[in-house]
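No lab work stands behind these numbers, since they all come straight from the coordinates. Source: prediction; values computed, not measured. Cβ atoms come from the backbone with ideal geometry, glycine included; neighbour counts cover every protein chain shown.
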């Protein structure tokens, strides 16, 4: 305990004020027997204050002692206390917020009490801000408590304690800010803080429990010997201008020399009694900072604060709106921006009411840090209106005007007919609104009222700024160039209502309704006309919110040449982060889109329809797969060339193929690629089978070849390079593997072990081979470090690859098969063609799914059964008998393999009768599940690599489900019709040709074009080396024009007799620019020569019937 004089009496604030203090802490009354305070450090104080009726808890019986107090809690608490002690809430508390982060729209109670605590110097904020939601620190709580008790009791606790000698219990006072240290000393001296706790923790937060203890201790402190009273005679403190402050006293000032005024942060150069008012002292100050909070002291005691006034005189001012609807008896809020973000600029609001019963107002407000001044007021006469003028106080000629129309209720309003429809809509959608007009004086609906409708975005703008949205199908405009305005008119019905719809595509609009003045009636929204607006509505494509990601597995430098280049991976997700299957992404080069000639790139895209990449070498469209993923490759033959792919999704076209990058479309810029001569910079490690096919899974004793090679910047292997490679093989499986290196002894690696082998090669392939020892299931991970085996000794990096081996005899963890042997002594069974497995400790079920014991299982096996074996991740084994020994197979989960289907993968599996059987694609085939008796056909599709059905492969499964007559169990029988490759060649013929020079379209007519493809773009299937444009039809006397795939925009099977070919625009220009093209005269007709094999189908079958020589081309210029 500090050496404080002994405490004799209880210093009480008074029951009423104490209760008000507590109400800000625990506003809901309840019993003192709180559920959550038993044993709490602050229990004694909480109980004492509760018994005295000072504090209460929550309706659920809790007090929440550990809940943190906020700064707004403390402002309300101290404000209520001051009011209970006779302090008044200032009349401008709601129109003149005392803190820069409060506005006139802030909570009314908070505005009231913020004004009280600020004006009386109890709570002055942080740099002019209240920071209402921030927690209050313990040091700030100490400051506020001491200021409040000083103010209410006209004492100076800090000065008194500073004059006392005592042993200080608080050891971390140095951690507190300078302003707080005297207040913490007060709490220390009077033992308001716990004397047994050495650290006050000034920066820590304050909880409800902490406050209860501090308050209880303060109420019990003995302040009777405290001296140093503060004068209570000051009525107000206010700034008059940027260098003048007036301090008003309650009585006349008789001895000015005895008054020592100071302002923290501001020099006071003079103090004089005001000539026209002997109760007011005028202080001349240094130039104030606009909006800054200043505290005035008199003889070292705080007597009040004020906001600094700015010296800025604005040259413009703008009201937030020029037409306002007011409800009589309720506040309207006017806001004006002075054109600069400057606080403390005085702004005058002049309100002139047109009705004799209304009231005129002239008021001054100050701007906040954003340069906005606000003023609120009300009227009590309906049907009248106010003319409002606002101007900077120092520049009355700079002004803006507005009109406020007063009604007993809302006069004009716009609401959504369906509140569930949001303000973000898809292109082409519409939103329905209702506009309502009520009589200002009676509040009753008005029928037959004409209401004009427009968009705020289209008012007084130039044509290029218009939104394209429409109201009732009309695009309303009010252009600044004086063009005749266009509005939409609606007439209210007997309910005073009229409806209208807003629609749009890639547009946003804010609907506005207005009532024209009868004197003008010009379809123009004038400044003071009564108006109302709805919230802005936005129309956009769903794809506009998609996210595109582009990455590459190789570095920023790529090797030149079409076989090199750089491959990018592309991924598309929707707004929710889900993959968007089948989305088309356009990709071009930023250097070609930026319209800067000097940045044109010579790079090209690789067009590969088999990978979903179509288009030209300068711009492509990538169709992502079902996982929202795709890839594309760029290349350049030019050394020191560079290119930056930019990808986007078209939202202006339903096909996403418009091809123009527009503002608002989802887009992403890939990393720039630089092209250089090929050089060895890295290595690569691949896993291949005996046929040199890259794969990671192997069966039985098949060998996995881990092949290391040098690689260039594009990650392409460089063959024939002498290499020195160290391979580290780690067995990650459950059985041994064997490692073979040419010319060396085989190495066996046990599970969990590693082995390192080295190999040097001067030519040929540098590799090791790994296989499963004994045809067991296992896996390996191989890490290879390589260098070039030459004088340069280039380090080729560290690379890792894996391989998995599946035994052909080992029973998988889940396996179904016929049991051909059982050893009841060793507790092992043998499935047909597999190694024996143990059934010791296993669980068993019979064919009806009932649990059986081991003896029953063994007896069943002796009669011959098919069973399912399962070994879970914990190693627990179970057997379920599938057959009953008589060959009946109630197979509820029947699998069909990819090999049986003759498919590479099963993308979809659709049952014709889901109530009979359901089909689920798996990685190894299709799983059939019986549902009920009947027949069904399951169609299984491998969708191939090209978007659309062009290369789909289809197999079918005929399924019959029957039920066991005794047990009712379902069984499946099936017949598989595997995919049969198409070996039938197209039988198309070509008869004639026509070319349109306007559309760049070459149309071939003939027969049987649909034998190549039923429809769609087949340009990638055609052999363009087989078709020649014979200029002048002279068999190459005049040079012919040949074609390549890259020069063709599309080749579409229009119908069975028409193939429509669209040339790339560059190709068309080249063709038509030929000097001999389409010459007029004898023997000058251009012809088309087509060699057999021009037309192919998706299976690669080549037509032998499509040859056509000297087909005269009918040309339309």
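Structure notes:
- Shown is the FRET efficiency for residue 1014 and residue 933, computed with R0 = 35 Å from the Cβ-Cβ distance and rounded to the nearest 0.05: 0.40.
- Computed lengthening from residue 380 to residue 763, 0.36 nm per intervening residue step minus Cα-Cα distance: 127.8 nm
- Ranked 976, 484, criterion: other C-beta atoms within 10 Å, fewest first: 484, 976
- Mean Cβ neighbour count within 10 Å, used as a protection proxy, ranking 286-296, 998-1008, 193-203 highest first: 286-296, 998-1008, 193-203
- Whole-number D in µm²/s for segment 234-307 (Stokes-Einstein; Kirkwood sum over Cα pairs; 10 °C, 1.306 mPa s): 131
- Cα-based shape type of segment 682-806, given that a ≥ b ≥ c are square roots of the gyration tensor eigenvalues and the cut on a/c is 1.5: prolate
- Using the alpha carbons alone, the radius of gyration of segment 355-503 stands to its Kirkwood radius in an Rg to Rh ratio of 1.03.
- Each of residue 421 and residue 1005 was given a label point 7 Å from its Cα along the Cα-to-Cβ line. The distance between the two points is 5.0 nm.
- Modelled spin-label separation between residue 66 and residue 732, with each label point placed 7 Å from Cα along the Cα-to-Cβ direction: 4.4 nm.
- Degrees, to the nearest 10: 138-153 long Cα axis against longest axis of the chain: 20
- Label-point separation, residue 356 to residue 51 (7 Å along Cα→Cβ), nm: 6.9
- Residues in segment 990-1012 reached by a label modelled at residue 1072 [backbone nitrogen below 16 Å; 7 Å Cα→Cβ]: 994-1003
- The residue 465 and residue 44 beta-carbon pair, evaluated with R₀ = 60 Å, returns a calculated FRET efficiency of approximately 0.30.
- Within segment 316-358: backbone nitrogen closer than 20 Å to the residue 387 label point (7 Å, Cα to C-beta): 317-326, 334-335, 348-358
- Sites residue 244 and residue 429, calculated FRET efficiency, Cβ-Cβ separation with R0 51 Å, nearest 0.05: 0.25
- Given their separation in residues at 0.36 nm each and the Cα-Cα distance between them, residue 447 and residue 287 gain 51.7 nm when the chain is fully extended.
- Subtracting the Cα-Cα distance of residue 973 and residue 131 from their residue separation scaled by 0.36 nm leaves 295.6 nm.
- Footprinting exposure proxy for 531, 566 (fewest neighbouring C-beta atoms within 10 Å first): 531, 566
- Each of 95, 984 was scored by other Cβ atoms within 10 Å of its Cβ. Arranged with the fewest first, they read 984, 95.
- The chain: angle of helix 71-84 to the longest principal axis, Cα-based, in degrees nearest 10: 20
- Model label zone, residue 523; criterion: amide N under 18 Å from point 7 Å along Cα-to-beta-carbon; scope segment 434-461: 450-461
- Ordering of 1022-1030, 264-272, 382-390 by packing [mean C-beta count within 10 Å, highest first]: 382-390, 1022-1030, 264-272
- Global form of the chain, assessed from the alpha-carbon gyration tensor, a/c cut-off 1.5: prolate
- In degrees, nearest ten, helix 208-219 long axis to first principal axis of the chain (Cα): 10
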